[in-house]
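Undergrad: Provided herewith is a single structure, encoded as structure tokens, for subsequent inquiry.
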Amino acid sequence: MTEAQALREAILAAPLETSNFGETPRPGTLYLPPSHLKALRLDAHVVVGSRGVGKSFWTAALQSAELRGLLGTAASELAGIEVHAGFANREAIADYPNTDVFSVFLDQGGDPYDLWRAVVLRWVAERAGQSIPSESWAATTAWLRSDPEAAARLMQHPRDWRGLILFDALDRTSNVWQRMDDIVRGLLRAVLWLKTFPGLHAKVFLREDQAERTVFNFPDASKLTATKAELTWARHDLHGLLWQRLVNAPDRHGQRLRGICRAREDSGIWLLPDDMKRETDTQRSAFGRLAGPWMGRDRRRGVPYTWSVSHLADGRGQTSPRSFLAAIHQAAEDSGERYPQHDYALHYESLKRGIQKASEIRVTEVAEDYPWVPEVLSELKGMNVPCVYEEMLARWCERFPGGPQDIHLDRLPAQHATRGWEGIREDLQRLGLIETKKDGRIDMPDLYRVGFGLGRKGGVKPRNRGS
Amino acid sequence: MTTFDGILPIVAEVLDGHREAMTELDWLLINRDLNGRVRLIVPETVEADPVMRDHVRVVAEQLAERLGCHAYPADRAILYEISREPACQDATCYPLDGFDRVWIVDRLATEGRWERIAPETEGARRIVFFSIKGGVGRSTALAATAWHLAQAGKRVLVLDLDLESPGLSSSLLPPERQPKYGITDWLVEDLVDNTDGMLDGLIAMSNLSHDGEIYVVPAHGADPGEYIAKLGRVWMPKVKSDGSREDWSARLQRLLTDLEQRLQPDVVLIDSRAGIDEVASTCVTDLGANLVLLFALEGDQTWNGYRLLFDYWRQTRVAEAMRERLQIVAALVPELERVAYLSGLREHAYGIFVYSLYDEIAPPSTEAIGPTPDGSQRWRVGELVEGWSFDEADTGAPHHPWVVYWHRSFAGLRSLQGRLAVIDRQEVNSIFGSLLDGVGTVLGLESIHD
């Protein structure tokens, strides 16, 4: 077996899957980009990030004492803290309400602020060994409202422990925009309330669109926004993550990959040296060892180190870790099938095909979060971009003659659907799915263009076709 | 009135009306002579075949009727040739869109051949600095690049082919180092076989670089002499004693090869004349350049010019041979509002690359894409169509500008010799860094910023 083949096997053996559905991540997969550290700090109450940047990952990881320990000095203030989920994508009806509970509660005129405080009270009561009404969420909130003094005493009772409560997946609280915003606003007020109790901390993970809306328009909201942290992944962060996963591949595979970058061991986990976490020659050349120097025969198609990240970016220039790792895994598989004798583990043509896989995953994610998006963008199949907006509009109007209201949905509609197609267009752009050029034409980043089956305009017609 | 631009569309229309008969022809040439008048050249066999002959005659009559003064009368409009190649010789020749065996043969009055693309050179990399418009800091950027590469230990050969407005050499050489001769001298002496021993007199070593070498071959020598009289002769073809003809770009190529053999440079930097000019076409297309830097200002004059050129490359079917060598350089980027300026420039550059030089990527078949039929909520992308094309945002794309900032210390070429001699690396890097990095990458140098 050549070295390239052995490296390819090793990449395939590494844990590159990133989606998190609430389970505790494996220790070797934990990676803290330097810029994410501030998001983990206890004074960062609001953490903003788009789909797939790690909100759910950190919600799950922070709940594990073992994983918190691995953050080491980077997060020393997390040592000895007790972490609890106050909302997450995994159902836990004893710990927090679900969509239906919110729905009934709001129908009956309840204030989400109370419901969120009830979530905190149950947590604190349980930890303090006190019994409060917990047979239903209605009962807990009723108790809070009818006996506010008891609730206040519970909160003020001296504690010998410190706690952190996490709120994630808040788009699952309601299928109605207005309501969701009310619920989030109530939560943020509850977080402000919690701030007054020493030793208790809260962290709310918000999607960008939630953070951009009016959920912060209440008195003193600036106390939360002042320390707002963002989870974004720069190119070197993504490469750091990749190598963190690679060097922790099992057995001889990990060993082989560690031959490229010096990782050190700490209680069975391999950790990257600092220069593999930043954009350094070390990091660049490490990727070169896997993928070679060029995206083709020579430099004209670019350098794999930069190419592989930038071609997975959305219209806002952001690349999600999941897209990146999936593309690399796919590239290793494809190289093994098509170019087994290639000089490098990852063939550049296979890296290009990695976009296909990343597109698949990305559109699946988008469909989960925004089911209206594939309904709308699927209609553009077969078109070429850049194109004039009217061309898109014509397709939509034909398919949905009654306007955006006709789009079939079982979850949240487009946020600005009530403003007609112009609103839809704005939503698509805000989500990075399309871009408007200076001359008004619409373009689509390759990540989505490939995923939704569009072509790209060009002056040179492919040979042996047409004519 | 039918004007020149109507010729090709009308020819295509007329031929379309005879598509079936035309497929019987092995080949058909649409000859546009120096005056822009059209004749048909067909295989000799047609003359002996009454059916085909009549058919071609009908085509000629229709062309005469529709093209008016841009066609020959039908009875003089058909020429017969044994084979296609000799009929095309020394002319620009490219296929007519939409037809398999029909070629346009264009007789041009100039030697400038923008569609004749020499294969890339295999030896030392040749990098051409070109701009559609003058005064964009092209020569200054070349001088800075030469300095940078020499500092990195490279042997750099610099050619000043901006013959009509020479000046590069004075920026790289102090007056006392100017060599005796220039390129114009060599080209003129070559016409009378008088270049023996001349090479040394063409070359001077710049005093700017400390580690590597910069060899400069200027447009003219220390004493320009009868420059105008020489300039009027440089693009003469040379007729050898055996009657064979060597055009001027081949002569220049010969000079370059001689220089390369003598100096063994790692890289050759060529300062080309600006604009769609004959000398420029030689630099850009005939010398086997590996990289052609297209200096650009954000403005209509730049983009209209490049659009003309790119469209011509597409029309003459050489886009694929040429496009991989091109790279936009944003020149003289202003101090204020740089981000907006550069994004505008990038968008314009992308616009003309897309419509002239990049491949069209067809959409995949509609069945290949969509939700998986198993109801698992997963999306399926079953087909990937590829081609030579780029996202606008693609940093590795030829339209994605390398950047040269405007800076007052480099505003005047005249001062460059003085500037570079004392300048610190940091200042050069801050102004030319993106260009130097780009060129460095082509030559396999480490980035200057790491």
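The values are calculated or read from the model by the stated rules, or taken from the named source; none is laboratory data. Quick caveat, the model's predicted, so the values are computed rather than measured. As a convention, Cβ positions derive from the backbone with ideal geometry for all residues, glycine included, and neighbour counts pool all protein chains shown. Side chains are part of the model used for accessible areas, which takes the heavy atoms of the whole protein and leaves out ligands, DNA and RNA. Shrake-Rupley method; radii C 1.70, N 1.55, O 1.52, S 1.80 Å.
Undergrad: In terms of the Cα gyration tensor, with a ≥ b ≥ c the square roots of its eigenvalues, is segment A:34-230 rounded because a/c is under 1.5, prolate because a/b exceeds b/c, or oblate? Could you put the intermediate results ahead of the total?
TA: Values: a/c = 1.61, a/b = 1.15, b/c = 1.40.
Oblate, because a/c is 1.5 or more while a/b does not exceed b/c.
Undergrad: Please give the calculated 222 nm ellipticity per residue for the protein assembly as shown, where each DSSP H segment of at least 4 residues contributes -39500 (n - 2.57) and the sum is spread over every residue; nearest 500 deg cm²/dmol?
TA: -12000 deg cm²/dmol
Undergrad: Run through all the Cα pairs of the protein assembly as shown and give the fraction in each 10 Å bin from 0, expressed as whole percent.
TA: Percent of pairs per bin, in order: 2, 10, 16, 18, 18, 14, 10, 6, 3, 2, 0, 0.
Undergrad: Report for segment B:4-106 the percent antiparallel among DSSP-assigned beta bridges with both residues inside it, nearest 5.
TA: 45 percent
Undergrad: Label chain B by shape, choosing from rounded, prolate and oblate, from the square roots a ≥ b ≥ c of the eigenvalues of the Cα gyration tensor; if a/c is under 1.5 it is rounded, and otherwise prolate applies when a/b is larger than b/c, oblate when it is not.
TA: In terms of gyration-tensor shape, oblate.
Undergrad: Apply the Karplus parameterisation 6.51 cos²θ - 1.76 cosθ + 1.60, with θ equal to phi minus 60°, to every residue of segment B:78-90 and state each ³J(HN,Hα) to the nearest whole Hz, in sequence, with x for glycine and proline.
TA: Per-residue couplings from phi come out as 10, 10, 10, 9, 5, 9, 6, 4, x, 5, 8, 4, 6 Hz.
Undergrad: Take every Cα pair under 8 Å in segment B:4-106 that's 6+ residues apart, average their separations, divide by the length, and report that relative contact order as a whole percent.
TA: 33 percent
Undergrad: Beyond 19 Å, what percent of the Cα pairs of segment B:65-177 remain? The partial results should precede the final answer.
TA: Numbers: 4319 of 6328 pairs.
Counting pairs separated by more than 19 Å, the tail of P(r) holds 68 percent.
Undergrad: Hey, what angle do you get for helix A:389-399 against the long axis of chain A, alpha-carbon based, 0 to 90 degrees rounded to 10?
TA: 70 degrees
Undergrad: What lysines could a cross-link reach from residue A:357, if we take a straight Cα to Cα line under 20 Å and drop same-chain neighbours fewer than 8 places away?
TA: A:381
Undergrad: Continuing with this model, one more query. Straight-line reach from residue B:240: which aspartates and glutamates have Cα under 16 Å away, leaving out those fewer than 8 places along the same chain?
TA: In chain and number order, the partners are B:189, B:190, B:193.
Undergrad: Report the antiparallel proportion of the DSSP beta bridges in the protein assembly as shown as a percent, rounded to a multiple of 5.
TA: 30 percent
Undergrad: While we're looking at this one, here's another question. Could you pull the accessible area for residue B:133 with a 1.4 Å probe, rounded to 10 Å²?
TA: Result for residue B:133: roughly 60 Å² accessible.
Undergrad: With the contact rule set at Cα under 8 Å and sequence spacing of 6 or more, what percent relative contact order holds for chain B? Write down the numbers at each step before the final one.
TA: Values: 791 pairs, mean separation 71.9, N = 450.
Relative contact order comes out at 16 percent.
Undergrad: Now for a different question. Can you give the accessible area per residue of segment B:4-106, in Å², using a 1.4 Å probe?
TA: Details: 5290 Å² over 103 residues.
Result: 51 Å² per residue.
Undergrad: What is the Cα centroid distance between segment A:25-52 and segment B:165-243, reported in whole angstrom?
TA: Measuring centre to centre over Cα atoms gives 64 Å.
Undergrad: Could you order A:243, B:27 by accessible surface area, starting with the largest, using a probe radius of 1.4 Å?
TA: Listed by decreasing accessible area, they come as B:27, A:243.
Undergrad: By its C-alpha gyration tensor, with a ≥ b ≥ c as the square roots of the eigenvalues, how is segment A:370-449 shaped: rounded for a/c under 1.5, else prolate for a/b larger than b/c, else oblate?
TA: prolate
Undergrad: Can you sort A:461, A:203, A:277 by solvent-accessible area, 1.4 Å probe, largest first? Intermediate results must be reported in sequence, preceding the final value.
TA: Values: A:461 120, A:203 0, A:277 50 Å².
Listed by decreasing accessible area, they come as A:461, A:277, A:203.
Undergrad: Counting only other residues whose beta carbon sits under 9 Å from that of residue A:200, what net charge do I get with K and R as +1, D and E as -1?
TA: Neighbourhood net charge equals +3.
Undergrad: Accessible area drop of at least 50 Å² (1.4 Å probe, protein heavy atoms): which residues of segment A:416-446 qualify, relative to the chain alone?
TA: With the partner chains in place, segment A:416-446 has these residues losing at least 50 Å²: A:437, A:438.
Undergrad: Shifting gears a bit: Determine the share of the protein assembly as shown's accessible area contributed by carbon and sulfur atoms, expressed in whole percent, with a 1.4 angstrom probe.
TA: Taking all protein chains in place, the protein assembly as shown shows 48 percent carbon and sulfur surface.
Undergrad: Give the separation of the Cα centroids, segment A:280-340 to segment B:292-319, in Å.
TA: Each part's Cα centre sits 31 Å from the other's.
Undergrad: Just read off the accessible area of residue A:422 with the full protein assembly in place, 1.4 Å probe, to the nearest 10 Å².
TA: About 90 Å², rounded to the nearest 10.
Undergrad: Around residue B:251, with a cut-off of 9 angstrom between Cβ atoms, what is the net charge of the other residues, counting Lys and Arg +1 and Asp and Glu -1? Mind dumping the intermediate values first?
TA: On the way: positive: B:238, B:254; negative: B:190, B:246, B:247.
Net charge around residue B:251: -1.
Undergrad: Roughly how big is the B-A contact, given as buried accessible area in Å² (both sides, 1.4 Å probe, nearest 100)?
TA: Heavy-atom accessible area buried at this interface is about 4200 Å².
Undergrad: Largest first, how would A:397, B:69, A:387 line up by accessible area (1.4 Å probe)?
TA: I get B:69, A:397, A:387, largest accessible area first.
Undergrad: How big is the gap, in Å, between the Cα center of segment A:344-397 and the Cα center of segment B:19-78?
TA: 49 Å
Undergrad: Scale the Cα Rg of segment B:4-106 by the rule-of-thumb value 2.2 N^0.38 Å and send over the ratio, two decimals. List each step's numbers first, then the result.
TA: Values: Rg = 12.2 Å, N = 103, 2.2 N^0.38 = 12.8 Å.
Cα Rg divided by the expected 2.2 N^0.38 Å: 0.96.
Undergrad: Looking at chain A, send over the antiparallel percent of its DSSP beta bridges, to the nearest 5.
TA: 25 percent
Undergrad: Here is a further query. Around residue A:166, with a cut-off of 10 angstrom between Cβ atoms, what is the net charge of the other residues, counting Lys and Arg +1 and Asp and Glu -1? Write out the running numbers ahead of the final one.
TA: Working: positive: A:55, A:203; negative: A:168.
Residues close to residue A:166 contribute a combined charge of +1.
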